[in-house]
Amino acid sequence: MISTFANPERFMRFSAWAMPLAAGLAGLMFAIGLPWALIYSPADYLQGESARIMYVHVPAAWWALGVYAMMGGASFVSLVWRHSLADAAARAAAPIGAVFAGICLVTGSLWGAPTWGTWWVWDGRLTSMLVLFLIYLGYLALWAAIEDEQKAARMAAILCLAGLVNLPIVHFSVDWWSTLHQPSSVLRSGGASIHPSMLQPLLVMALAYLALFVALLFAGMRAAVYRRRAEAAQRRRARSA
Amino acid sequence: MSAHRGALAAVFRRDFALAWGAGGGAAAPVGFFLGATTLLPLAMGPERELLAAAGPPLIWVAAALAALMTLERLFQADLEDGSLDQLLLSTAPLELIVLTKGASLWLALGLPLALASAPAALALQAPPALIPAIVLSLGLGMAAFIGVGLVGAAVTAGVRRGGVLIALIVLPFFAPPIIFGAAVAAGAGFGAPFLILGGCALGAAALGPIAAAAALRVHVE
(Lines give C-alpha, C1' and ligand atoms only; values in the text may rest on other atoms or scores of the structure.)
Protein backbone atom coordinates (compact mmCIF):
# COMPACT_ATOMS: atom_id res chain seq x y z
CA MET A 1 0.00 0.00 0.00
CA ILE A 2 2.86 2.34 0.79
CA SER A 3 4.15 1.76 -2.72
CA THR A 4 0.91 3.23 -4.03
CA PHE A 5 1.84 6.58 -2.51
CA ALA A 6 5.44 6.40 -3.69
CA ASN A 7 4.76 6.98 -7.38
CA PRO A 8 5.64 10.61 -8.14
CA GLU A 9 3.39 10.67 -11.21
CA ARG A 10 0.42 9.53 -9.19
CA PHE A 11 1.25 12.09 -6.52
CA MET A 12 1.42 14.91 -9.09
CA ARG A 13 -1.98 13.95 -10.49
CA PHE A 14 -3.42 13.72 -6.98
CA SER A 15 -1.95 16.97 -5.71
CA ALA A 16 -2.97 18.85 -8.88
CA TRP A 17 -6.50 18.92 -7.47
CA ALA A 18 -5.81 18.18 -3.78
CA MET A 19 -3.56 21.16 -3.20
CA PRO A 20 -6.04 23.84 -4.43
CA LEU A 21 -8.74 22.04 -2.47
CA ALA A 22 -6.67 22.16 0.72
CA ALA A 23 -5.80 25.80 0.10
CA GLY A 24 -9.45 26.66 -0.41
CA LEU A 25 -10.42 24.72 2.69
CA ALA A 26 -7.76 26.57 4.68
CA GLY A 27 -9.07 29.91 3.49
CA LEU A 28 -12.63 28.91 4.37
CA MET A 29 -11.72 27.58 7.82
CA PHE A 30 -9.71 30.67 8.67
CA ALA A 31 -12.56 32.85 7.43
CA ILE A 32 -14.94 31.01 9.77
CA GLY A 33 -12.55 30.35 12.62
CA LEU A 34 -10.80 33.67 13.08
CA PRO A 35 -13.93 35.82 13.56
CA TRP A 36 -15.54 33.11 15.68
CA ALA A 37 -12.42 32.82 17.86
CA LEU A 38 -11.42 36.44 18.07
CA ILE A 39 -14.83 38.12 18.29
CA TYR A 40 -17.77 35.80 18.89
CA SER A 41 -16.46 33.28 21.40
CA PRO A 42 -16.87 34.02 25.09
CA ALA A 43 -14.13 35.92 26.88
CA ASP A 44 -12.28 34.13 29.66
CA TYR A 45 -13.74 34.84 33.11
CA LEU A 46 -10.29 35.56 34.58
CA GLN A 47 -8.13 36.71 31.68
CA GLY A 48 -10.79 38.54 29.68
CA GLU A 49 -10.08 39.24 26.05
CA SER A 50 -6.36 38.45 26.17
CA ALA A 51 -7.14 34.74 26.34
CA ARG A 52 -8.21 34.88 22.68
CA ILE A 53 -4.59 34.42 21.66
CA MET A 54 -5.16 30.80 22.70
CA TYR A 55 -6.94 30.19 19.37
CA VAL A 56 -3.72 31.04 17.54
CA HIS A 57 -1.30 29.59 20.08
CA VAL A 58 -2.81 26.16 20.79
CA PRO A 59 -3.38 24.89 17.21
CA ALA A 60 0.16 26.05 16.31
CA ALA A 61 1.50 24.01 19.25
CA TRP A 62 -0.58 20.95 18.32
CA TRP A 63 0.56 20.96 14.74
CA ALA A 64 4.20 21.73 15.56
CA LEU A 65 4.16 18.36 17.32
CA GLY A 66 1.96 16.73 14.68
CA VAL A 67 4.15 17.86 11.78
CA TYR A 68 7.22 16.47 13.50
CA ALA A 69 5.43 13.16 14.03
CA MET A 70 4.54 13.15 10.32
CA MET A 71 8.19 13.87 9.49
CA GLY A 72 9.14 10.94 11.70
CA GLY A 73 6.81 8.68 9.76
CA ALA A 74 8.11 9.98 6.42
CA SER A 75 11.71 9.50 7.63
CA PHE A 76 10.94 5.92 8.63
CA VAL A 77 9.42 5.21 5.21
CA SER A 78 12.40 6.89 3.58
CA LEU A 79 14.91 4.74 5.45
CA VAL A 80 13.08 1.44 5.03
CA TRP A 81 11.56 1.71 1.54
CA ARG A 82 13.88 4.38 0.04
CA HIS A 83 11.00 6.33 -1.55
CA SER A 84 12.26 9.70 -2.71
CA LEU A 85 8.77 11.15 -2.30
CA ALA A 86 9.05 10.44 1.44
CA ASP A 87 12.27 12.48 1.54
CA ALA A 88 10.55 15.31 -0.29
CA ALA A 89 7.61 15.13 2.12
CA ALA A 90 9.80 15.34 5.21
CA ARG A 91 11.88 18.15 3.76
CA ALA A 92 8.82 20.15 2.71
CA ALA A 93 7.14 19.68 6.08
CA ALA A 94 10.09 20.85 8.16
CA PRO A 95 9.95 24.62 7.55
CA ILE A 96 6.18 24.62 8.10
CA GLY A 97 6.55 22.79 11.41
CA ALA A 98 9.37 25.09 12.43
CA VAL A 99 7.21 28.15 11.76
CA PHE A 100 4.34 26.61 13.74
CA ALA A 101 6.71 26.01 16.66
CA GLY A 102 7.94 29.59 16.34
CA ILE A 103 4.37 30.91 16.33
CA CYS A 104 3.65 28.82 19.43
CA LEU A 105 6.67 30.21 21.27
CA VAL A 106 6.10 33.84 20.28
CA THR A 107 2.35 33.90 20.89
CA GLY A 108 2.85 32.02 24.14
CA SER A 109 5.38 34.59 25.26
CA LEU A 110 3.02 37.43 24.31
CA TRP A 111 0.24 35.68 26.23
CA GLY A 112 2.40 35.05 29.27
CA ALA A 113 3.58 38.62 29.64
CA PRO A 114 0.26 40.05 30.87
CA THR A 115 -1.09 36.87 32.50
CA TRP A 116 1.97 35.31 34.16
CA GLY A 117 3.91 38.53 34.56
CA THR A 118 6.90 37.17 32.66
CA TRP A 119 7.90 36.80 29.00
CA TRP A 120 9.58 33.49 29.55
CA VAL A 121 10.07 30.84 32.22
CA TRP A 122 12.27 27.76 32.07
CA ASP A 123 9.65 25.17 32.96
CA GLY A 124 9.13 21.75 31.37
CA ARG A 125 6.64 22.72 28.67
CA LEU A 126 8.37 25.86 27.40
CA THR A 127 11.84 24.33 27.55
CA SER A 128 10.83 21.18 25.68
CA MET A 129 8.96 23.23 23.07
CA LEU A 130 12.06 25.37 22.57
CA VAL A 131 14.07 22.16 22.24
CA LEU A 132 11.63 21.02 19.54
CA PHE A 133 12.16 24.31 17.70
CA LEU A 134 15.93 23.82 17.91
CA ILE A 135 15.57 20.26 16.61
CA TYR A 136 13.65 21.65 13.62
CA LEU A 137 16.45 24.16 12.99
CA GLY A 138 19.11 21.46 13.23
CA TYR A 139 17.15 19.31 10.78
CA LEU A 140 16.89 22.17 8.26
CA ALA A 141 20.58 23.01 8.72
CA LEU A 142 21.54 19.40 8.06
CA TRP A 143 19.60 19.31 4.79
CA ALA A 144 21.31 22.52 3.71
CA ALA A 145 24.81 21.42 4.72
CA ILE A 146 25.12 18.13 2.81
CA GLU A 147 25.51 18.58 -0.92
CA ASP A 148 24.60 15.09 -2.13
CA GLU A 149 20.81 15.05 -1.97
CA GLN A 150 20.43 11.31 -1.42
CA LYS A 151 22.94 11.38 1.42
CA ALA A 152 21.33 14.44 2.94
CA ALA A 153 17.94 12.72 2.85
CA ARG A 154 19.20 9.65 4.71
CA MET A 155 21.12 11.64 7.33
CA ALA A 156 18.16 13.93 7.91
CA ALA A 157 15.90 10.90 8.28
CA ILE A 158 18.18 9.42 10.95
CA LEU A 159 18.29 12.75 12.78
CA CYS A 160 14.50 13.14 12.63
CA LEU A 161 13.93 9.69 14.10
CA ALA A 162 16.42 10.45 16.90
CA GLY A 163 14.47 13.59 17.74
CA LEU A 164 11.14 11.78 18.09
CA VAL A 165 12.01 11.09 21.72
CA ASN A 166 11.26 14.74 22.49
CA LEU A 167 7.59 14.56 21.46
CA PRO A 168 6.18 12.70 24.48
CA ILE A 169 8.35 14.89 26.71
CA VAL A 170 6.67 18.01 25.31
CA HIS A 171 3.16 16.63 25.72
CA PHE A 172 3.52 15.15 29.19
CA SER A 173 5.81 17.87 30.58
CA VAL A 174 2.90 19.77 32.10
CA ASP A 175 1.81 16.64 33.95
CA TRP A 176 5.26 15.53 35.09
CA TRP A 177 6.60 18.84 36.38
CA SER A 178 5.03 21.70 38.28
CA THR A 179 4.75 24.52 35.83
CA LEU A 180 3.25 27.91 35.12
CA HIS A 181 1.78 26.50 31.94
CA GLN A 182 -1.79 25.26 32.02
CA PRO A 183 -2.11 21.47 32.29
CA SER A 184 -3.66 19.40 29.51
CA SER A 185 -7.26 20.36 29.02
CA VAL A 186 -8.17 18.82 25.66
CA LEU A 187 -6.13 15.66 25.05
CA ARG A 188 -6.36 14.10 28.46
CA SER A 189 -7.81 11.00 30.10
CA GLY A 190 -11.34 11.72 31.23
CA GLY A 191 -12.22 13.89 28.24
CA ALA A 192 -11.72 17.55 27.51
CA SER A 193 -12.18 19.92 30.41
CA ILE A 194 -12.64 22.97 28.21
CA HIS A 195 -16.13 24.34 27.62
CA PRO A 196 -17.71 23.50 24.22
CA SER A 197 -18.23 27.18 23.41
CA MET A 198 -14.46 27.52 23.43
CA LEU A 199 -13.64 24.03 22.20
CA GLN A 200 -15.57 24.43 18.95
CA PRO A 201 -13.75 27.51 17.59
CA LEU A 202 -10.52 25.93 18.78
CA LEU A 203 -11.17 22.82 16.70
CA VAL A 204 -12.12 24.94 13.68
CA MET A 205 -8.80 26.80 13.99
CA ALA A 206 -7.00 23.47 14.35
CA LEU A 207 -8.60 22.25 11.11
CA ALA A 208 -7.66 25.52 9.42
CA TYR A 209 -4.01 25.07 10.44
CA LEU A 210 -4.12 21.46 9.20
CA ALA A 211 -5.53 22.46 5.83
CA LEU A 212 -2.90 25.19 5.54
CA PHE A 213 -0.16 22.69 6.36
CA VAL A 214 -1.43 20.20 3.76
CA ALA A 215 -1.64 22.90 1.08
CA LEU A 216 1.89 24.16 1.80
CA LEU A 217 3.24 20.61 2.07
CA PHE A 218 1.86 19.62 -1.32
CA ALA A 219 3.17 22.85 -2.82
CA GLY A 220 6.62 22.07 -1.46
CA MET A 221 6.52 18.47 -2.66
CA ARG A 222 5.38 19.48 -6.15
CA ALA A 223 8.21 22.01 -6.28
CA ALA A 224 10.67 19.27 -5.32
CA VAL A 225 9.38 16.97 -8.06
CA TYR A 226 9.56 19.77 -10.65
CA ARG A 227 13.08 20.67 -9.54
CA ARG A 228 14.24 17.09 -9.87
CA ARG A 229 12.70 16.82 -13.35
CA ALA A 230 14.38 20.09 -14.39
CA GLU A 231 17.75 18.87 -13.13
CA ALA A 232 17.33 15.54 -14.93
CA ALA A 233 16.46 17.39 -18.16
CA GLN A 234 19.55 19.57 -17.75
CA ARG A 235 21.74 16.51 -17.27
CA ARG A 236 20.26 14.83 -20.38
CA ARG A 237 20.88 17.95 -22.40
CA ALA A 238 24.47 18.21 -21.14
CA ARG A 239 25.12 14.56 -22.01
CA SER A 240 23.75 14.80 -25.52
CA ALA A 241 25.35 18.16 -26.31
CA MET B 1 30.81 -10.11 22.14
CA SER B 2 33.53 -12.65 22.82
CA ALA B 3 33.65 -13.67 19.18
CA HIS B 4 34.65 -10.13 18.28
CA ARG B 5 36.90 -9.52 21.25
CA GLY B 6 40.04 -9.15 19.14
CA ALA B 7 38.52 -6.70 16.69
CA LEU B 8 36.85 -4.58 19.37
CA ALA B 9 39.98 -4.53 21.50
CA ALA B 10 41.98 -3.31 18.52
CA VAL B 11 39.44 -0.55 17.82
CA PHE B 12 39.47 0.39 21.50
CA ARG B 13 43.26 0.63 21.69
CA ARG B 14 43.49 2.62 18.46
CA ASP B 15 40.80 5.11 19.39
CA PHE B 16 42.12 5.50 22.92
CA ALA B 17 45.56 6.29 21.52
CA LEU B 18 44.10 8.78 19.02
CA ALA B 19 41.93 10.46 21.64
CA TRP B 20 44.67 10.52 24.24
CA GLY B 21 46.77 12.52 21.81
CA ALA B 22 50.50 12.68 21.21
CA GLY B 23 51.75 12.52 24.78
CA GLY B 24 49.51 15.33 26.00
CA GLY B 25 46.81 12.99 27.08
CA ALA B 26 43.59 14.59 28.10
CA ALA B 27 45.36 17.86 28.80
CA ALA B 28 43.71 19.86 26.03
CA PRO B 29 40.03 19.11 26.72
CA VAL B 30 40.52 19.15 30.49
CA GLY B 31 42.44 22.39 30.17
CA PHE B 32 39.62 23.86 28.14
CA PHE B 33 37.11 22.65 30.73
CA LEU B 34 39.01 24.27 33.58
CA GLY B 35 39.51 27.43 31.55
CA ALA B 36 35.81 27.69 30.77
CA THR B 37 35.03 27.10 34.44
CA THR B 38 37.34 30.00 35.27
CA LEU B 39 35.36 32.32 33.02
CA LEU B 40 32.15 31.74 34.95
CA PRO B 41 33.05 33.44 38.25
CA LEU B 42 34.72 36.20 36.23
CA ALA B 43 31.32 36.83 34.67
CA MET B 44 29.29 36.32 37.82
CA GLY B 45 31.46 38.29 40.19
CA PRO B 46 33.47 36.76 43.01
CA GLU B 47 30.84 37.04 45.77
CA ARG B 48 31.04 33.75 47.65
CA GLU B 49 27.35 33.51 48.52
CA LEU B 50 26.25 34.09 44.94
CA LEU B 51 28.75 31.55 43.64
CA ALA B 52 27.74 28.99 46.24
CA ALA B 53 24.09 29.42 45.32
CA ALA B 54 24.40 29.37 41.55
CA GLY B 55 27.93 28.29 40.68
CA PRO B 56 28.27 24.49 40.80
CA PRO B 57 25.65 23.69 38.14
CA LEU B 58 27.54 25.90 35.68
CA ILE B 59 30.37 23.37 35.35
CA TRP B 60 27.87 21.42 33.24
CA VAL B 61 27.98 24.16 30.61
CA ALA B 62 31.76 23.93 30.52
CA ALA B 63 31.56 20.13 30.31
CA ALA B 64 29.07 20.27 27.43
CA LEU B 65 31.32 22.67 25.50
CA ALA B 66 34.37 20.48 26.10
CA ALA B 67 32.41 17.46 24.87
CA LEU B 68 31.35 19.34 21.72
CA MET B 69 34.97 20.14 20.96
CA THR B 70 36.08 16.51 21.07
CA LEU B 71 33.15 15.27 18.98
CA GLU B 72 33.97 17.28 15.90
CA ARG B 73 36.79 15.15 14.58
CA LEU B 74 35.40 11.83 15.75
CA PHE B 75 34.55 10.29 12.41
CA GLN B 76 35.98 12.91 10.09
CA ALA B 77 39.51 11.47 10.08
CA ASP B 78 38.26 7.91 9.71
CA LEU B 79 36.13 8.91 6.77
CA GLU B 80 38.94 10.77 5.05
CA ASP B 81 41.67 8.15 5.29
CA GLY B 82 39.51 5.11 4.56
CA SER B 83 39.51 3.51 8.00
CA LEU B 84 35.73 3.58 7.90
CA ASP B 85 35.70 1.20 4.95
CA GLN B 86 38.01 -1.13 6.85
CA LEU B 87 35.78 -1.04 9.91
CA LEU B 88 32.80 -2.01 7.77
CA LEU B 89 34.70 -5.05 6.52
CA SER B 90 35.05 -6.35 10.06
CA THR B 91 32.94 -9.27 11.26
CA ALA B 92 32.06 -7.29 14.34
CA PRO B 93 28.80 -5.36 13.93
CA LEU B 94 29.33 -1.68 13.19
CA GLU B 95 27.11 -0.78 16.15
CA LEU B 96 29.48 -2.56 18.55
CA ILE B 97 32.47 -0.90 16.92
CA VAL B 98 30.90 2.53 17.35
CA LEU B 99 30.02 1.69 20.96
CA THR B 100 33.67 0.72 21.52
CA LYS B 101 34.80 4.02 20.01
CA GLY B 102 32.48 5.87 22.35
CA ALA B 103 33.71 3.87 25.33
CA SER B 104 37.35 4.60 24.51
CA LEU B 105 36.52 8.30 24.13
CA TRP B 106 34.82 8.23 27.52
CA LEU B 107 37.83 6.58 29.13
CA ALA B 108 40.34 8.88 27.46
CA LEU B 109 38.50 12.18 27.90
CA GLY B 110 35.24 11.80 29.77
CA LEU B 111 36.69 10.20 32.87
CA PRO B 112 39.58 12.71 33.27
CA LEU B 113 37.08 15.50 32.78
CA ALA B 114 34.82 14.07 35.47
CA LEU B 115 37.78 13.85 37.85
CA ALA B 116 38.79 17.40 36.97
CA SER B 117 35.33 18.56 37.95
CA ALA B 118 36.21 18.05 41.61
CA PRO B 119 38.60 21.02 41.83
CA ALA B 120 36.37 22.94 39.42
CA ALA B 121 33.29 22.47 41.62
CA LEU B 122 35.29 23.40 44.70
CA ALA B 123 36.43 26.56 42.90
CA LEU B 124 32.77 27.36 42.27
CA GLN B 125 32.09 27.06 46.02
CA ALA B 126 30.31 23.70 45.95
CA PRO B 127 29.93 22.16 49.43
CA PRO B 128 32.65 19.50 49.79
CA ALA B 129 30.12 16.85 50.79
CA LEU B 130 28.53 17.18 47.34
CA ILE B 131 31.77 16.58 45.39
CA PRO B 132 31.50 12.75 45.05
CA ALA B 133 28.00 13.11 43.65
CA ILE B 134 29.16 15.84 41.26
CA VAL B 135 32.11 13.80 39.99
CA LEU B 136 30.04 10.67 39.44
CA SER B 137 27.22 12.63 37.84
CA LEU B 138 29.66 14.24 35.42
CA GLY B 139 30.99 10.79 34.54
CA LEU B 140 27.43 9.77 33.66
CA GLY B 141 26.85 13.09 31.92
CA MET B 142 29.91 12.70 29.70
CA ALA B 143 28.67 9.22 28.76
CA ALA B 144 25.33 10.77 27.77
CA PHE B 145 27.06 13.57 25.82
CA ILE B 146 29.28 11.09 23.99
CA GLY B 147 26.38 8.74 23.24
CA VAL B 148 24.39 11.53 21.63
CA GLY B 149 27.47 13.14 20.12
CA LEU B 150 28.27 9.94 18.23
CA VAL B 151 25.04 10.43 16.28
CA GLY B 152 25.79 14.07 15.56
CA ALA B 153 29.36 13.35 14.53
CA ALA B 154 28.35 10.45 12.27
CA VAL B 155 25.61 12.46 10.59
CA THR B 156 27.84 15.46 9.87
CA ALA B 157 31.11 13.70 9.03
CA GLY B 158 32.54 15.13 5.84
CA VAL B 159 30.60 18.38 6.06
CA ARG B 160 32.80 21.46 5.72
CA ARG B 161 32.92 23.49 8.95
CA GLY B 162 30.81 20.83 10.57
CA GLY B 163 31.63 21.94 14.08
CA VAL B 164 28.87 24.50 14.35
CA LEU B 165 26.43 22.13 12.68
CA ILE B 166 27.24 19.39 15.18
CA ALA B 167 26.63 21.82 18.02
CA LEU B 168 23.25 22.87 16.62
CA ILE B 169 22.16 19.28 16.04
CA VAL B 170 23.38 17.84 19.30
CA LEU B 171 22.56 20.67 21.72
CA PRO B 172 18.84 19.86 22.04
CA PHE B 173 19.78 16.34 23.13
CA PHE B 174 22.32 17.69 25.63
CA ALA B 175 19.48 19.43 27.45
CA PRO B 176 18.18 16.51 29.60
CA PRO B 177 21.61 15.49 31.02
CA ILE B 178 22.41 19.14 31.71
CA ILE B 179 19.08 19.72 33.44
CA PHE B 180 19.34 16.73 35.72
CA GLY B 181 23.11 16.99 36.22
CA ALA B 182 22.75 20.61 37.24
CA ALA B 183 20.09 19.54 39.75
CA VAL B 184 22.62 17.12 41.24
CA ALA B 185 25.23 19.87 41.46
CA ALA B 186 22.71 22.27 42.96
CA GLY B 187 22.28 20.04 45.99
CA ALA B 188 20.23 16.98 45.08
CA GLY B 189 23.24 14.68 45.49
CA PHE B 190 22.45 11.02 44.87
CA GLY B 191 18.70 11.59 44.76
CA ALA B 192 16.18 11.32 41.96
CA PRO B 193 17.94 13.58 39.41
CA PHE B 194 21.07 11.42 39.68
CA LEU B 195 19.06 8.31 38.84
CA ILE B 196 17.36 10.00 35.90
CA LEU B 197 20.77 11.18 34.70
CA GLY B 198 21.90 7.55 34.86
CA GLY B 199 18.90 6.66 32.72
CA CYS B 200 19.85 9.31 30.17
CA ALA B 201 23.41 7.96 30.05
CA LEU B 202 22.31 4.36 29.63
CA GLY B 203 19.77 5.31 26.96
CA ALA B 204 22.31 7.36 25.02
CA ALA B 205 24.91 4.60 25.25
CA ALA B 206 22.42 2.01 24.05
CA LEU B 207 20.69 3.93 21.25
CA GLY B 208 23.36 6.36 20.06
CA PRO B 209 25.63 3.74 18.46
CA ILE B 210 22.69 2.29 16.51
CA ALA B 211 21.80 5.60 14.91
CA ALA B 212 25.47 6.49 14.41
CA ALA B 213 26.19 3.17 12.69
CA ALA B 214 23.21 3.71 10.37
CA ALA B 215 24.58 7.13 9.43
CA LEU B 216 28.10 5.77 8.89
CA ARG B 217 26.78 3.14 6.50
CA VAL B 218 25.28 5.94 4.40
CA HIS B 219 28.72 7.53 4.08
CA VAL B 220 30.28 4.40 2.68
CA GLU B 221 27.63 3.51 0.16
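Step by step: first the residues of the stretch A:150-168, then only those that are surrounded by fewer than 20 Cβ atoms within 10 Å (Cβ to Cβ) and out of contact with any Leu (no Cβ under 9 Å at 6 or more places or on another chain), then the one that is nearest to the other protein chains (Cβ to nearest Cβ). Which residue is that? So, considering only residues that are surrounded by fewer than 20 Cβ atoms within 10 Å (Cβ to Cβ) and out of contact with any Leu (no Cβ under 9 Å at 6 or more places or on another chain), the one nearest to the other protein chains (Cβ to nearest Cβ) is A:151. What do you reckon, is residue A:187 away from every other protein chain (no Cβ under 14 Å) and within 18 Å of the chain's Cα centre (by Cα)? Judged against the criteria, residue A:187 is a match.
This table checks each residue for (1) in contact with a helix residue (DSSP H, G or I) (Cβ under 6 Å, 6 or more places away or on another chain); (2) within 14 Å of chain B (Cβ to nearest Cβ).
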site: A:122; (1), (2): no, yes
site: A:144; (1), (2): no, yes
site: A:175; (1), (2): no, no
site: A:199; (1), (2): no, no
site: A:212; (1), (2): yes, no
site: A:215; (1), (2): yes, no
site: A:223; (1), (2): no, no
site: A:239; (1), (2): no, no
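If the condition is being in contact with a helix residue (DSSP H, G or I) (Cβ under 9 Å, 6 or more places away or on another chain) and farther than 15 Å from residue A:199 by Cα, then the stretch A:38-48 contributes A:46, A:47.
Of all residues in the stretch A:13-42, those being buried (at least 16 other Cβ atoms within 10 Å of the Cβ) and of a type in the set (A, V, I, L, M) number 8. Taking the criterion of being closer than 15 Å to residue A:171 by Cβ and not β-branched (Val, Ile, Thr), the only residue of the stretch A:131-145 that qualifies is A:132.
Results for (1) at pLDDT 95 or above; (2) within 14 Å of another protein chain (Cβ to nearest Cβ), shown as yes or no for each residue.
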{"residue": "B:96", "(1), (2)": "no, no"}
{"residue": "B:105", "(1), (2)": "no, no"}
{"residue": "B:111", "(1), (2)": "no, no"}
{"residue": "B:118", "(1), (2)": "no, no"}
{"residue": "B:128", "(1), (2)": "no, no"}
{"residue": "B:143", "(1), (2)": "yes, no"}
{"residue": "B:158", "(1), (2)": "no, yes"}
{"residue": "B:181", "(1), (2)": "no, no"}
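When each of B:3, B:67, B:62 is tested for being in a helix (DSSP H, G or I), within 23 Å of residue B:127 (Cα to Cα) and small (Gly, Ala, Ser), the lone residue that passes is B:62.
Residues in the stretch A:109-132 that are in contact (Cβ under 8 Å) with a residue 60 or more places away in the chain and within 20 Å of the chain's Cα centre (by Cα): A:129, A:132.
Yes or no, residue by residue, for (1) within 10 Å of chain B (Cβ to nearest Cβ); (2) modelled with pLDDT under 90; (3) over 24 Å from residue A:160 (Cβ atoms); (4) surrounded by fewer than 19 Cβ atoms within 10 Å (Cβ to Cβ):
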| position | (1), (2), (3), (4) |
| --- | --- |
| A:107 | no, no, yes, yes |
| A:110 | no, no, yes, yes |
| A:113 | no, yes, yes, yes |
| A:118 | no, yes, yes, yes |
| A:136 | yes, no, no, no |
| A:139 | yes, no, no, no |
| A:148 | yes, yes, no, yes |
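The lone criterion from (1) surrounded by 21 or more Cβ atoms within 10 Å (Cβ to Cβ); (2) of a type in the set (A, V, I, L, M, F, W, C); (3) within 17 Å of the chain's Cα centre (by Cα) left unmet by residue B:185 is number (3).
Scanning the stretch B:208-220 for residues that are at the interface with another protein chain (Cβ under 8 Å from one of its Cβ atoms) and either assigned to a loop (DSSP other than H, G, I, E, B) or more than 19 Å from residue B:86 (Cβ to Cβ) (or both) yields one hit, B:211.
Of the residues examined, residue A:192 is one that is away from chain B (no Cβ under 14 Å) and over 21 Å from the mean Cα position of the chain (by Cα).
The values are calculated or read from the model by the stated rules, or taken from the named source; none is laboratory data. Source: prediction; values computed, not measured. A quick note on method: Cβ atoms are made from the backbone with ideal geometry, for glycine too, and the neighbour counts reach across all protein chains shown.
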